[in-house]
Structure formats: structure tokens, C-alpha cells
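Asks: Let me begin by handing over the structure; questions about it come next.
The values are calculated or read from the model by the stated rules, or taken from the named source; none is laboratory data. Model, not experiment: these values are computed from the prediction. As a convention, Cβ positions derive from the backbone with ideal geometry for all residues, glycine included, and neighbour counts pool all protein chains shown. Note: accessible area is taken over every heavy atom of the protein model, side chains too, but ligands, DNA and RNA are not part of it. Shrake-Rupley method; radii C 1.70, N 1.55, O 1.52, S 1.80 Å.
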Amino acid sequence: MFAQQLVNGLMLGGAYALVAIGYTLIFGVLNLLHLAHGEVFMVGAYVGLVLALAGFPPWVTLAGAMLAAAALGVLIERVAFRPVRNRGSHVTPLITTIAVGLVLQHVVVKIFGAEPVAFPAPFASASLELGPVTLSTLQLLILGTSVVLMGLLEVFLRSTPTGMAIRATAENQTVAGLMGINVSFAIVITFAIASALAGAAGVLLAWNFTGLSPFFGVKVGLKGLAIMLLGGLGNVTGAMLGGLIIGVVEVMSVAYLASSYRDAFAFAVMILILLVRPTGLFGARLQTG
Amino acid sequence: MLEVEDLHVSYGRIRAVQGVSLSVPEAAVVALIGANGAGKSTLLRAISGIVRPRRGAVRFRGENLVGLPVHQIVRRRVIHVPEGRGMLARMTVLENLRIGGFARRDGPSTAAGLERVFALFPVLEHRAGQLAGTLSGGEQQMLAIGRAMMAGPRLLMLDEPSLGLAPLVVREIFRIIPRLTAEGTAVLLVEQNARMALQCAAHAYVLQTGQVVLSGRGADLLATPEIQRAYLGTGEAS
């Protein structure tokens, strides 16, 4: 029972981590919060829905959602961040991104309606017995996808020139510029990657919950934001582990306590950890180690 | 090679640089000395594009750099080692050096560049895997210069390389400068340590409240009484 719940929690947590990583990457390079990130996640899931209903295979659903989310993220950087960067206060982008988030919600409501819709299963799932744990092939796909994406991100940030440019930009924009790095371009790439991960998480969680609604992004976005704080602002590894912890806590509280309080337990654990470690599990700033 | 013409830079209402003109010839060392707040660092920041001048021109090999983004100026191999060394403290020594080479995608391989830097500063090779933030001040300055060398600079601008370092370390850093010029790099050196700077500079400018008040050959300025009094602290004693 416990092992089973642990696996279920890791599956949920992996998708949460993907959302939180997006927040933390963007906060890392800009020191600004992107409050429409939850809506990028939601739009990614709806693009996945359209592709899935059109009969495309699961990997196309996933890749399409990631591409669409990436494009949306780059657009948001253009309209909601760049015009107010280096001008006005840190509060300005909070307001502009809240506005973008509302617009996205209402556009989706206009197209798909405000009611929750069913998300088709990607394939007829089979069950695998692994000792005490029963794993469906769908669960395996969800968990595997988030693990692979996080691994790829880690390698990208650590050892590619573009990844290094993003880390340098996150550490000090002036110095990054003096190294010949095009800082504006590094910021755009960061938005694209962060948003693509959110789009992937959208499809993964829609598969998991077998449905979605235009307000799907609000709760998950809030959770992702809190997980970023839990892991340490701008800390990618912290967001990964924070996501897994919250996923497990949530599933455990449903299994052993009361299912209607799942979010309350998740946020309570977060508050407790932050009381003990105010800078988060791993301390602040964009780093991979 | 570098011609600064009537440059004016303001921060809000503060006029940090007011009509400075200077030139740096090919493969020469030019020093810029002056008290704190004289506008030396601001001048370098305007040349490398970090701040935008209000008026004036910065011509490098005939091209006006004013208005170009910082990374474009760096790609022309005008390399600025900022005051405080500009460490990427949460990245390793090796990563800092590799990033230094980003400016130069066409030139010799990164491996050749690394070999050259490690030959000049062997300590960096020993510390390659360490985070730059854990280095001592002298090692950080070596890393800052080594990282700049990775870009293959045509013009290297050093802002206070001796700041906060022990005399022995300062000498080690300064011994690099003739090697750079021997390879054709011009050096624009900002220093508070006026003696050190004037000794190695072919030409020097003295900046006061944003204006050039004196200029001449380094050796001549060293012998000027008012320079000795104001910047070398030896006037009265001798």
C-alpha cells in the first residue's frame, strides 16, 4: 500500500516539478514572477486535447503541446515582460502577467466552454505487477516522461553553450553581456524552455486526471509557485525535489487522511519546511547542483 | 585603434564623464589614473556599451561603437574586465573560462585557449573544477584576465586589477601585460595604483571630475611634481 502510494505520488510530483522548474528558470534569469505560467500549462493541455481528439499518437500530443506552449511563452515575454523590463518596479510584470493569464483563461472558455472536459486516454493501458506495486503503462509513461525531461534539462543547463549562457545570465546579466552573450536571446530561450515544460506537464496531468478545464492552471500554477519557494528561488534541483515531495504528500494525505484536504496538507507541509528553512530546501538562485 | 571623442556620460543629473577624448594605439598600454569618482570606470562602461553616452563617439578601428549592444561590442573583441572582477561565482573556473571564449566562435579552439591561459596562470588549472566564488582575490583576478584572454581581445580594458590584492599578487598580475601587448593586444588600464600603472604605460591620462586634466608619456608623468604630490604620495618627502 505504502509503496504503491509512493509511486503514485512521484508520478504526480514529477508533473508538478515540471511546472515549478518553469517558474524557477524564469525567476532565475529575470528575478521576476511569471503569474501566467499556470495558464501556459493549461493552454498546453488544451492544445494536447485538440491533437488527441484529432487522433494523433501520444508523442505528437505531447510534442505539439510543448511547441505551442513554448511559442506562447515567447509571446508572453514579448508583450508582458520586455516592455516593462528595466522600467517601473518589480510589481509591473506581476500585473501584466495576471492580465495575460486572465485573457488566456477567457479565450479558452470562449473556444471550449467553461465546463471541464474529458481528456482521452492515450492508449488502452495495461497493468504491470512489480512486487507490491501495480503500475499502469500510462503511469509509467507519465513518470518516465517527466524524469526524461528533467534529465535533459539538467544536461542542457550543465553542458551546452546555450545552457551555460542561461546560467550566466541568471547569475549576472551585465557580466553575461561582457562575455559576448546575447542576454535578450538567452531570456527568450529560457521562456521557451520553461513554457515547453509547462505544456508537457499539462498533457501529463490531463492524462492523469483524465480531464481538464480552463481553470486547470490556477491551482496547479499556485502549487508550482509554492514548490519553487520550497525548493529555493531560482534553484532547478530544488524545484525537482520540491515537486516530488509535494506530489507524495498530496497522494499520502488522500490515502491515509482525508481526500478533501489534499491541497491543505500539501501547502501545510510547504509552510512547515519554509518555517525551518526560509530560503527553501536548497537556498536561492539558479543552479543545478 | 580606439579613439574616444568628446564623450559625455551622465547618471541622471550627475555628469560622470564630461567631454573626454583619448586614443589607444595598436598593441600599446594606455593608463587612466585619477581619484575615486573621477569617471574612470564610467568611461570603460561607456566604451563597452554597458552605459550609453549622452554625446560623443567611441571609434574602434574606424567604426563607431556607440549604440551597439554589449555583446556586439564584445564580438569585435573589445573586452572589458569590470571592477570587482565580474566573477560568475556559482560556476566553475573551467566554465568561466569556456564562457569567456563565447565571444569568439571563429578563432582557435577552446582547448588551445585554455592551454594558453593555464600556462600563464597554472593555479587556474589546479582549481579548474572549483566554483569561482571560492577562489582567493588574486586567483579571481587571474581568472578574470584569463577569461578575457579566451576571447582573443584586440583591446583589453582592465578596471582596477590591483584592487584589494597583496603587492606580490599585483606584480604577478602586472607581469602579464607586456605579454599581451607582445601578441598585439592593446590594453587600457584603469588604476588607483598610479605608480604601477605609469611604470608600464606608454601613455597615460589623468582624469579629474570627469575631465582629462593631464596626459603624456607614462615615464614623464611619473616625474611630474603635481602627479607625485596628488597620486604617488611622494611630493613632500623628496
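Asks: To the nearest 500 deg cm²/dmol, what mean residue ellipticity at 222 nm is calculated for chain B from DSSP H runs of n ≥ 4 alone, each contributing -39,500 (n - 2.57), summed and divided by the residues? Each step should come with its number before you reach the end.
Replies: On the way: 10 runs with 79 residues, N = 238.
Theoretical 222 nm ellipticity from helices: -9000 deg cm²/dmol.
Asks: While we're looking at this one, here's another question. Give me, ordered by chain and number, the residues 5 or more places off B:Gly19 or on other chains with an amide H under 5 Å from its own placed amide H.
Replies: Here the answer is B:Leu7, B:His8, B:Val9, since their amide H atoms fall under 5 Å of that of B:Gly19.
Asks: Let me ask you something else. Which of the peptides B:93-101, A:183-191 is most tightly packed, and how do the rest follow, going by the mean number of other Cβ atoms within 10 Å of each residue?
Replies: Peptide ranking by packing, descending: B:93-101, A:183-191.
Asks: Another one. To check you understand DSSP bridge types, tell me what percent of the beta bridges within region B:144-238 (both residues inside) are antiparallel, rounded to 5.
Replies: 55 percent
Asks: Share of Cα-Cα pairs in chain A beyond 33 Å, in percent?
Replies: Pairs farther apart than 33 Å: 19 percent.
Asks: First obtain the Kirkwood hydrodynamic radius of chain B from its Cα pairs, then insert it into the Stokes-Einstein equation at 10 °C and 1.306 mPa s, and state the resulting D in µm² per second as a whole number. If you can, show how the numbers build up before the last one.
Replies: Details: Rh = 18.1 Å.
For the chosen part, D equals 88 µm²/s.
Asks: Okay, moving on. Using a Förster distance of 41 angstrom, determine the FRET efficiency expected from the C-beta separation of A:Val79 and A:Leu274, and round it to 0.05.
Replies: The computed FRET efficiency comes out at 0.80.
Asks: Sticking with this structure for a sec: Over all distinct Cα pairs, what is the inverse of the mean 1/r for region A:99-257, reported as the Kirkwood hydrodynamic radius in Å? Display every interim value, and only then the final one.
Replies: Numbers: mean 1/r = 0.0549 Å⁻¹.
Kirkwood hydrodynamic radius for region A:99-257: 18.2 Å.
Asks: If you don't mind, there's one more thing I want to ask. Relative to 2.2 N^0.38 Å, what does the C-alpha radius of gyration of region B:108-238 come to as a ratio? Two decimals please.
Replies: With N residues counted in region B:108-238, Rg over 2.2 N^0.38 Å equals 1.18.
Asks: What is the distance in Å between the Cα centres of region A:216-259 and region A:1-51?
Replies: About 9 Å separates the Cα centre of region A:216-259 from the one of region A:1-51.
Asks: Can you compute the modelled spin-label distance between A:Val155 and B:Glu226, with each label point 7 Å from Cα toward Cβ, in nm?
Replies: 6.6 nm
Asks: Need one number: nm distance between label points at B:Leu94 and B:Met1, each 7 Å from Cα along Cα→Cβ, rounded to one decimal.
Replies: Using points 7 Å along Cα→Cβ, the separation is 3.1 nm.
Asks: Could you please state how large a percent of the accessible area of the protein assembly as shown is carbon and sulfur, counting protein chains only and using a 1.4 Å probe?
Replies: Carbon with sulfur: 62 percent of the solvent-accessible area.
Asks: I've got another one for you. When the C-alpha atoms of region B:50-157 are aligned to their principal axes, what extent does each axis show, in angstrom, from largest down?
Replies: 45, 28, 19
Asks: Please find, in a Gaussian network model of chain B (springs between Cα atoms separated by less than 10 Å), the residue of B:Ala38, B:Ala219, B:Ala119 whose mean-square fluctuation is greatest.
Replies: B:Ala119
Asks: Please work out the C-alpha center-to-center distance from region B:1-58 to region B:133-172 and express it in whole Å.
Replies: If you average the Cα positions of each part, the centres end up 21 Å apart.
Asks: On to the next question. Bin all alpha-carbon pair distances of region A:1-116 at 10 Å intervals from 0 and give each bin's fraction as a whole percent.
Replies: 13, 36, 32, 16, 3, 0
Asks: Can you list the aspartates and glutamates whose alpha carbon is less than 13 Å from that of A:Lys219, not counting same-chain residues fewer than 8 positions off?
Replies: A:Glu39, A:Asp263
Asks: Have a look at the DSSP beta bridges in the protein assembly as shown and tell me what percent are antiparallel, nearest 5.
Replies: The antiparallel fraction comes to roughly 60 percent.
Asks: While we're here: What's the buried accessible area, both sides, between B and A using a 1.4 Å probe, rounded to 100 Å²?
Replies: 1800 Å²
Asks: Place a point 7 Å from the Cα of A:Val148 along the Cα-to-Cβ direction; which residues of region A:203-239 have their backbone N under 20 Å from it?
Replies: Flagged as within label range: A:203-209.
Asks: Right, something else. Suppose the chain between A:Asn31 and A:Ala264 were pulled fully straight at 0.36 nm per residue; how much longer would it get relative to their current alpha carbon spacing?
Replies: Details: separation 233, 0.36 × 233 = 83.88 nm, distance 2.80 nm.
Contour length minus Cα-Cα distance gives 81.1 nm.
Asks: Continuing with the same structure: Over the protein assembly as shown, with the other protein chains present, what is the accessible area per residue in square angstrom, probe 1.4 angstrom? Could the numbers behind the result be given before it?
Replies: Numbers: 21830 Å² over 527 residues.
Value returned for the protein assembly as shown: 41 Å² of accessible area per residue.
Asks: Moving on to the next point. For B:Glu63 and A:His106, what is the calculated FRET efficiency with R₀ set at 45 Å and r taken between the beta-carbons, to the nearest 0.05?
Replies: Step by step, r from the Cβ atoms, then E = 0.35.
Asks: Under unit Cβ charges (Lys, Arg +1; Asp, Glu -1), what dipole magnitude, rounded to 20 debye, does the protein assembly as shown have relative to its Cα centre?
Replies: Values: 39 positive and 27 negative charges, 164 e Å.
Once rounded to the nearest 20, the dipole reads 780 debye.
Asks: Let me ask something else. Could you state the per residue volume, in Å³, of the convex hull enclosing the Cα atoms of region A:21-65?
Replies: Here the figure is 60 Å³ per residue.
Asks: Could you check the simple spin-label distance between A:Phe2 and B:Ser21, using points 7 Å along Cα→Cβ, in nm with one decimal?
Replies: My value for the distance between the label points is 8.2 nm.
Asks: Divide by every residue of chain A the summed helix terms, -39500 (n - 2.57) for each DSSP H run of at least 4, and state the resulting mean residue ellipticity at 222 nm, rounded to the nearest 500 deg cm²/dmol.
Replies: Per the formula, -24500 deg cm²/dmol.
Asks: Calculate how large, on average over all directions, the projected area of the Cα convex hull of the protein assembly as shown is; give the answer in nm² to one decimal.
Replies: For the Cα atoms of the protein assembly as shown, the hull's average projected area reads 28.8 nm².
Asks: Right, another one. To the nearest 20 debye, what is the magnitude of the charge dipole of region A:32-143 about its Cα centre, counting +1 on the Cβ of each Lys and Arg and -1 on the Cβ of each Asp and Glu?
Replies: Value, rounded to 20: 540 debye.
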